[in-house]
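Trainee: Sharing a structure with you now.
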Amino acid sequence: MGAAETAETSQFDPDIAAASGAAATALQNGKIKNKVLKLTIEILGLSIEAAQGKNEASSIAGEQTKLNNNIKLDTAAAGQASKGVV
């Protein structure tokens with residue numbers, strides 16, 4: 001599990017559950033940005049493996065679908081507050 005995944009499950013999720021209102025929304029927006037980063041890195045890694053001859057086409061397609069969805073969510077939240085976790 002990478003740092004972005006750890007941040008999502010160990011930090012964002014509990015913080016979002018404990019927050020409410022604008023604070024919860026800002027954390028959720030931060031989580032989406034984190035997911036975009038995580039999925040971009042995952043696709044890059046799978047693309048490297050594919051270039052080395054491993055069949056990763058279906059994995060790449062699945063991760064690309066998730067990435068596209070999270071980019072849409074991030075774009076929809078443009079201009080809203082965003083909060084990261086430490």
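Trainee: Scan Gly30, Gly2, Gly62, Gly45 and give me the residue that is touching a Lys or Arg at 6+ places or on another chain (Cβ under 6 Å) and either over 20 Å from Ala78 (Cβ atoms) or of a type in the set (Gly, Ala, Ser) (or both). Steps first, answer last, please.
Mentor: Values: Gly2 fails: touching a Lys or Arg at 6+ places or on another chain (Cβ under 6 Å); Gly62 fails: touching a Lys or Arg at 6+ places or on another chain (Cβ under 6 Å); Gly45 fails: touching a Lys or Arg at 6+ places or on another chain (Cβ under 6 Å).
On inspection, the qualifying residue turns out to be Gly30.
Trainee: If you check every pair at least six apart or on different chains, which have Cβ atoms under 8 Å apart with a residue in the stretch 2-22 that is farther than 28 Å from Leu44 by Cα first and a residue that is at pLDDT 95 or above and surrounded by 12 or more Cβ atoms within 10 Å (Cβ to Cβ) second?
Mentor: Note: pairs meeting the criteria are Asp15/Leu27; Ile16/Ala24; Ile16/Leu27; Ile16/Gln28; Ile16/Lys31; Ala19/Leu27; Ala22/Ala81.
Trainee: Could you grab me the full set of residues in the stretch 1-60 that are farther than 23 Å from Lys83 by Cα, part of a helix (DSSP H, G or I) and not hydroxyl-bearing (Ser, Thr, Tyr)?
Mentor: From the stretch 1-60, those farther than 23 Å from Lys83 by Cα are 43-60; that's our starting set.
Next, only the ones that are part of a helix (DSSP H, G or I) stay: 43-51, 57-60.
Those that are farther than 23 Å from Lys83 by Cα, part of a helix (DSSP H, G or I) and not hydroxyl-bearing (Ser, Thr, Tyr): Ile43, Leu44, Gly45, Leu46, Ile48, Glu49, Ala50, Ala51, Ala57, Ile60.
Trainee: It is to be established whether one or more residues within the stretch 76-85 are in a helix (DSSP H, G or I) and either without any contact (Cβ under 8 Å) to a residue 12 or more places away in the chain or under 17 Å from the mean Cα position of the chain (by Cα) (or both).
Mentor: Residues of the stretch 76-85 in a helix (DSSP H, G or I): 76.
Applying the additional criterion that residues be either without any contact (Cβ under 8 Å) to a residue 12 or more places away in the chain or under 17 Å from the mean Cα position of the chain (by Cα) (or both) yields 76.
For the stretch 76-85, residues in a helix (DSSP H, G or I) and either without any contact (Cβ under 8 Å) to a residue 12 or more places away in the chain or under 17 Å from the mean Cα position of the chain (by Cα) (or both): present.
Trainee: Looking at the stretch 51-71 only, could you name the residues that are of a type outside the set (A, V, I, L, M) and either under 21 Å from Asp13 (Cβ atoms) or open to solvent by less than 90 Å² (accessible area, probe 1.4 Å) (or both)?
Mentor: Step one: of the stretch 51-71, the residues of a type outside the set (A, V, I, L, M) are 52-56, 58-59, 62-66, 68-70.
Gly53, Glu56, Ser59, Gly62, Glu63, Gln64, Lys66, Asn68, Asn69, Asn70 - these are the residues of the stretch 51-71 that are of a type outside the set (A, V, I, L, M) and either under 21 Å from Asp13 (Cβ atoms) or open to solvent by less than 90 Å² (accessible area, probe 1.4 Å) (or both).
Trainee: Name the single residue that is nearest to the chain's Cα centre (by Cα) among those in the stretch 1-37 being among the polar types (S, T, N, Q) and buried (at least 18 other Cβ atoms within 10 Å of the Cβ).
Mentor: Just the residues of the stretch 1-37 that are among the polar types (S, T, N, Q), to begin with: 6, 9-11, 20, 25, 28-29, 34.
Among the residues that remain, those that are also buried (at least 18 other Cβ atoms within 10 Å of the Cβ) are: 28-29, 34.
Numbers: Gln28: 11, Asn29: 10, Asn34: 4 Å.
Going through the qualifying residues, I end up with Asn34.
Trainee: Here's something else I'd like to know. Identify, by number, the condition in (1) open to solvent by less than 70 Å² (accessible area, probe 1.4 Å); (2) within 17 Å of Gly2 (Cβ to Cβ); (3) over 14 Å from the mean Cα position of the chain (by Cα) that Ile48 doesn't meet.
Mentor: So Ile48 meets the others, but not (1).
The values are calculated or read from the model by the stated rules, or taken from the named source; none is laboratory data. This structure is a prediction, so every number in the text was calculated from the model and none was measured. Glycine gets a Cβ as well: all are built from the backbone with ideal geometry, and neighbour counts include every protein chain shown. Accessible surface areas use protein heavy atoms only, side chains included; no ligands, DNA or RNA. Shrake-Rupley method; radii C 1.70, N 1.55, O 1.52, S 1.80 Å.
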